[in-house]
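The values are calculated or read from the model by the stated rules, or taken from the named source; none is laboratory data. Please read these numbers as outputs of a predicted model, since none were measured by experiment. Note: ideal-geometry Cβ built from the backbone for every residue, glycine included; neighbour counts use all protein chains shown.
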Amino acid sequence: MPTNRFRAAAHAAAARGWFVFPLRPGSKRPALREWPREATTDPERIRRWWNTNPHYNIGIATGPSQLHVIDLDTHHGIDGPAVLRHLAITTAQQTSLLTYTVATPSGTGRHLYYGAPQGLRLPNTTARLGPGIDTRGHGGYVVAVGSHTIDGDYRVLANKPVADLPEWLQALLTPPPTPPGNPGAPPQHPDAYLQAILTAETSKVRTATPGTRNTTLFRAALTLGRLIAGQTLDPHLARDALTTAAAIHIGHHEFTARELERTITSGFTIGARHPRHLTTRR
């Protein structure tokens, strides 16, 4: 059988355990309407698809592939890689971001492949982490290495093992919890709703275990920081509540008061970029 670069790239991705499907030739658009259901690692199905059209590009369904891919763009003066680096510094995280990385045809765009956390369905996001940063997770896909568009090829930039998605990024990408109450409950005053959020977040911080403590505190500060930015929550009340909840951990497993303050400030700073407003429900 003659070698076909696109089919070979599809087989190579599938050999990694990634679920692939065809994209239209020269395009990033799926060639299959039911691609979330039809994506596969089966070599025979892959062979049939690329025999049908040897110029199909390759898509990887990130959800079934247990991947979460961070897409960094540099268009219109936005520098996604720089924003991500700044975010890591701001959150005082020491975790390496190095992982399997793909360069997009623009030459400056990047796809960072991470292993998705088990049991947690992280959705696709657009600019949730910051300008120039999108992510692809459950229900999404990325264009694989070996694909070609009018702008050029998708190629491996860093051929490293796929690293696990860092915990601090998991925290930022996890959707906020479902609001308290249920659809059949009577109207609730926003003050009561706000108190329920505050109680829930501080409880998580108090009961956090070593290894999850910083991430839990950071995520709580992020959640409350959004409410502060939306002029819904008093910043002094929020900081006092989180400080009191986290104080129990000071002196244990090298957790310090300085680290506590730094983590809360980082969460508030990033949360302020995505204000959340609460209004009375009638």
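Couple of notes before you dig in:
- Matching residues in region 229-243 - criterion: being in contact with a Lys or Arg (Cβ under 9 Å, 6 or more places away or on another chain) and either part of a helix (DSSP H, G or I) or at pLDDT 90 or above (or both): Ala229
- Matching residues, region 11-28, being of a type in the set (Lys, Arg) and under 22 Å from the mean Cα position of the chain (by Cα): Arg16, Lys28
- Subset of region 96-116 (residues that are in contact with a helix residue (DSSP H, G or I) (Cβ under 7 Å, 6 or more places away or on another chain) and either β-branched (Val, Ile, Thr) or in a loop (DSSP other than H, G, I, E, B) (or both)): Leu97
- Unmet criterion (only one of (1) touching a Lys or Arg at 6+ places or on another chain (Cβ under 6 Å); (2) modelled with pLDDT under 90) for Trp50: (2)
- Any chance Arg258 is of a type outside the set (Asp, Glu), at pLDDT below 90 and not assigned by TED's automatic domain parsing to the domain that holds Ile197: no
- Contacts under 6 angstrom Cβ, first residue in region 100-116 being at negative phi and in contact (Cβ under 8 Å) with a residue 24 or more places away in the chain, partner aliphatic (A, V, I, L, M) and not in a strand (DSSP E or B), 6 or more apart: Tyr100/Val162; Val102/Val145; Tyr113/Val162; Tyr114/Leu165; Gly115/Val162
- Subset of region 117-136 (residues that are crowded, with 21+ Cβ neighbours inside 10 Å, in a loop (DSSP other than H, G, I, E, B) and under 12 Å from the mean Cα position of the chain (by Cα)): Leu122, Leu129
- Residues (touching an Asp or Glu at 6+ places or on another chain (Cβ under 9 Å) and small (Gly, Ala, Ser)) located in region 239-256: Ala241, Ala245
- The one condition in (1) closer than 24 Å to Ala8 by Cα; (2) assigned to a helix (DSSP H, G or I) that Leu84 fails to fulfil: (1)
- Number of positions in region 117-130 that are touching a residue at least 40 places away in the same chain (Cβ under 8 Å) and under 25 Å from Arg273 (Cα atoms): 8
- Residue in region 210-256 that is nearest to the chain's Cα centre (by Cα), counting only those that are farther than 14 Å from Leu278 by Cβ and of a type in the set (Ser, Thr, Tyr): Thr215
- Residues that are more than 13 Å from Asn53 (Cβ to Cβ) and either assigned to a loop (DSSP other than H, G, I, E, B) or not assigned by TED's automatic domain parsing to the domain that holds Val102 (or both) within region 9-35 comprise Arg16, Gly17, Trp18, Lys28, Arg29, Arg33, Glu34, listed in sequence order.
- Output for region 11-27, where each listed residue is out of contact with any Pro (no Cβ under 8 Å at 6 or more places or on another chain) and under 25 Å from Pro161 (Cα atoms): Ala12, Ala13, Ala15, Arg16, Gly17, Trp18, Val20
- Residues that are assigned to a loop (DSSP other than H, G, I, E, B), in contact (Cβ under 8 Å) with a residue 60 or more places away in the chain and in contact with a Ser or Thr (Cβ under 8 Å, 6 or more places away or on another chain), drawn from region 244-282: Leu278
- Comparison of Ala241, Ala220, Ala246 shows that the only residue that is surrounded by 13 or more Cβ atoms within 10 Å (Cβ to Cβ), of a type outside the set (D, E, K, R) and over 29 Å from Leu84 (Cβ atoms) is Ala241.
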